[in-house]
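Written below as structure tokens is the structure these notes are about.
The values are calculated or read from the model by the stated rules, or taken from the named source; none is laboratory data. Keep in mind that what you see is a predicted model, and the values were worked out from it rather than measured. Note: ideal-geometry Cβ built from the backbone for every residue, glycine included; neighbour counts use all protein chains shown. The protein model used for the area step is the full one, side chains on, heavy atoms only, and it has no ligands, DNA or RNA in it. Shrake-Rupley method; radii C 1.70, N 1.55, O 1.52, S 1.80 Å.
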Amino acid sequence: MTGAPDKINASRYRKWAWRLLVLVLLLAFAWQCWRVLALLNWAEFLLALGSADRWPYLLLAVLLMPLNWWLEARKWFLLLRPFLPWSFGRTWRATLAGVSLSAATPNRIGEIGGRLLVAQRAEWAGVLTSSVLGSACQWIAFLLLAWPGLVWTAGAYLGRGLPFSIYWLMPLGPALLLLGWWGGKPVVLRLLDWLASRWGLATQELVNGLEHVNSWLMLRAGAYACLRFGVYCTQLLLLLAFFGLQLPWWRGLAGIAGIYLVQAGLPLPPGLNLVTRTELGLLLWGNSPAAAAAVLLAFTSLFLVNVLVPALPGYWLIVKKEKTMNTLFRLTLLLALPLGLLTSASRHAEVKGASAADQTYFAPAFSALQHLLPATAPTPFHPPLVAPDVCEIENRTFQPGEKIVYKLYYNWNFVWLAAGEVTFLVHDLPNQYHVMVRGRTYPSYEWFYKVRDNYESYLDKKTLLPKIHIKDIQEGDYTRYDRTTFYQDAGKAISERGKTRDDLAKKEIALNECMHDLISIVYYARNLEYSGMKKNQEIPIKILMDQEIYPLKIKYLGAEPDTKIKGVGRFKTQKFSPQLIAGEVFKEGDEMSIYVSDDKNKIPVLIESPVSVGSVKAVLHSYKGLKYPMTAQID
């Protein structure tokens with residue numbers, strides 16, 4: 001059996017190997033740029049750049065940007081109509097929302113995710129399918145225009161070693177296009193039929209929509225794709241001219257088209273895409289200092305003009321749509337509090353001036369593909385267990401020095417984006433456990449949304465009841481400080497709460513029984529015995545959070561003999577599902593799954609829950625100082 005430290009180290013080695021590869025590529029690119037640019041006469045280059053006859057090229061390239069995305073929106077609008085009755089204005093706005101996520105994803109695959117974020121749950125299947133059809137139409141432009149352009153301009157490189165002329169391959173792109181045109185739709189329909197019969201997916205809605213996708217519709221959408229591709233290539237040609245590299249009109253467009261065809265087959269992040277495009281440009285147009293400067297600056301400027309600038313209104317649209325990404329980061333941090341991830345409505349309740357328990361906000365949905373899953377009847381609950389003694393329990397599962405780190409992911413299909421980490425650390429005091437929880441977003445995400453959440457609880461060693469609970473959080477522009485002192489014997493708690501430590505309002509809360517907080521309930525629940533529980537049995541609990549008392553239930557779902565944990569290995573686990581409070585993140589009926597190691601440590605190894613698009617997962621990343629060996633790991 002491979003130990004968890006070995007798995008964790010292997011994951012770290014892979015991560016650092018990937019980082020090293022990226023660093024090597026970027027250093028090689030930087031060295032290449034320095035080597036050719038060091039010989040550039042910068043005074044002469046900048047003087048020429050300021051010439052009045054250059055600026056019309058830049059102006060025209062910028063003015064073509066709205067036309068570029070208008071053509072994309074028109075193409076998608078045509079393909080979307082068989083599935084959804086959207087107006088063109090709404091399609092245009094969703095297109096811009098897609099641009100905002102595409103700026104940070106390989107080959108702009110985030111366009112689909114951005115569009116889904118501003119759509120309604122029932123519309124996701126149509127949005128997803130029509131967007132995939134749009135990507136297929138883009139390959140019409142690649143095979144019809146870019147492949148001949150690549151053969152024409154790079155034939156000297158591609159034809160080396162071939163026993164015949166490279167130009168004999170000129171019809172290959174159009175031939176592949178005709179093959180896809182003739183057989184593409186039947187293949188897709190057969191695939192959907194197989195998914196329905198093999199996995200029970202509800203694909204009939206997509207089949208009905210595809211029945212309206214005919215050759216004439218794809219031809220019109222393909223024409224828009226070709227026009228947009230021509231505009232995109234023209235923009236780069238104009239920027240090359242602005243920076244001093246004058247290319248023959250048709251040969252220049254053909255070379256640019258060929259470069260984008262090659263790059264489209266390499267799913268690299270935006271930064272590395274820039275590297276590959278620039279290197280290919282130098283290969284085609286020479287690597288003189290002036291040419292190198294023009295190619296590098298032209299590709300960089302095109303990314304700025306066509307992606308980053310239109311991403312700004314798209315980002316605003318996503319934030320406006322129920323602040324989905326704000327919700328995402330708040331939920332990821334809540335997810336790392338395994339049994340306290342049970343509410344997210346309280347913050348909005350205090351803004352609205354009502355009780356969190358009385359409010360139900362919008363209902364974020366499951367992932368886009370989950371919309372296709374067959375409906376199932378809810379499993380009935382068994383009668384609840386007799387409530388365990390919440391006033392006293394013996395600690396048998398953790399010890400001072402225990403440190404557990406969870407990595408927080410946003411997951412949508414094959415896309416895994418690491419958003420941050422949450423660390424649980426137990427310190428030893430004479431009569432108390434001091435538990436600290438720290439949540440942080442990764443620096444790469446903090447330009448978008450920064451999270452610094454700190455929770456602390458001081459737990460009585462004999463009872464595991466909280467004596468003091470502190471919440472000190474910063475989530476974007478939102479800050480909150482809350483210090484709650486529990487007087488368990490007196491049946492009360494004093495909460496001092498405000499935006500900062502210097503702006504606190506005191507409130508006394510009556511407790512009619514022993515009460516847990518967000519952190520203490522986690523360590524209390526780890527000490528419960530579930531060996532005698534029946535599947536679907538309920539465990540009643542109560543917690544005090546944000547000056548409200550929540551009576552909740554946890555449903556026991558039974559043993560899971562083989563649970564795969566990303567980057568760590570496989571575990572024997574016990575599965576639970578906590579009752580969720582309807583609010584900003586969850587709706588009535590949403591379920592969260594918690595997988596706890598099936599050994600004496602009983603630590604959560606995986607927590608997952610759906611959000612507006614996709615799901616959020618808190619995954620065990622590392623641990624040390626456990627009271628017992630981790631015997632639940634099976635490989």
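Annotations
- Residue match in the range 544-565 (condition: in contact with a Leu (Cβ under 8 Å, 6 or more places away or on another chain), surrounded by 22 or more Cβ atoms within 10 Å (Cβ to Cβ) and part of a loop (DSSP other than H, G, I, E, B)): no
Residue by residue, here is whether (1) open to solvent by less than 50 Å² (accessible area, probe 1.4 Å); (2) at pLDDT 60 or above; (3) within 18 Å of the chain's Cα centre (by Cα) holds:
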| site | (1), (2), (3) |
| --- | --- |
| Leu266 | no, yes, no |
| Leu280 | yes, yes, no |
| Trp285 | yes, yes, no |
| Ser288 | no, yes, no |
| Ala291 | yes, yes, no |
| Leu308 | no, yes, no |
| Ile318 | yes, no, yes |
| Glu322 | no, no, yes |
| Met325 | yes, no, yes |
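- The helices (runs of 4 or more DSSP H) located wholly in the range 86-187 that include 2 or more residues which are at pLDDT 80 or above occupy 88-102, 124-141, 147-158.
- Within the range 482-509, tally of residues that are open to solvent by 20 Å² or more (accessible area, probe 1.4 Å), within 16 Å of Asp546 (Cβ to Cβ) and over 35 Å from the mean Cα position of the chain (by Cα): 8
- Per the conditions (1) in contact (Cβ under 8 Å) with a residue 12 or more places away in the chain; (2) open to solvent by 20 Å² or more (accessible area, probe 1.4 Å), the sole criterion not satisfied by Trp216 is (1).
- Scanning the range 1-60 for residues that are open to solvent by less than 90 Å² (accessible area, probe 1.4 Å), aliphatic (A, V, I, L, M) and at pLDDT 80 or above yields Ala43, Ala48, Leu49, Ala52, Leu58, Leu60.
- With respect to (1) open to solvent by less than 70 Å² (accessible area, probe 1.4 Å); (2) modelled with pLDDT under 95, the lone exception for His469 is condition (2).
- Extreme residue, farthest from Thr423 (Cα to Cα), among residues of the range 483-522 that are outside any strand (DSSP E or B) and aliphatic (A, V, I, L, M): Ala490
- Summed over the range 375-412, the residues that are over 27 Å from the mean Cα position of the chain (by Cα), of a type outside the set (A, V, I, L, M) and at pLDDT 75 or above give a count of 11.
- Residues within the range 576-604 that are open to solvent by 10 Å² or more (accessible area, probe 1.4 Å), more than 18 Å from Ile404 (Cα to Cα) and either aromatic (Phe, Trp, Tyr) or at pLDDT 90 or above (or both), tallied: 1
- Any chance Thr479 is open to solvent by 20 Å² or more (accessible area, probe 1.4 Å) and hydroxyl-bearing (Ser, Thr, Tyr): yes
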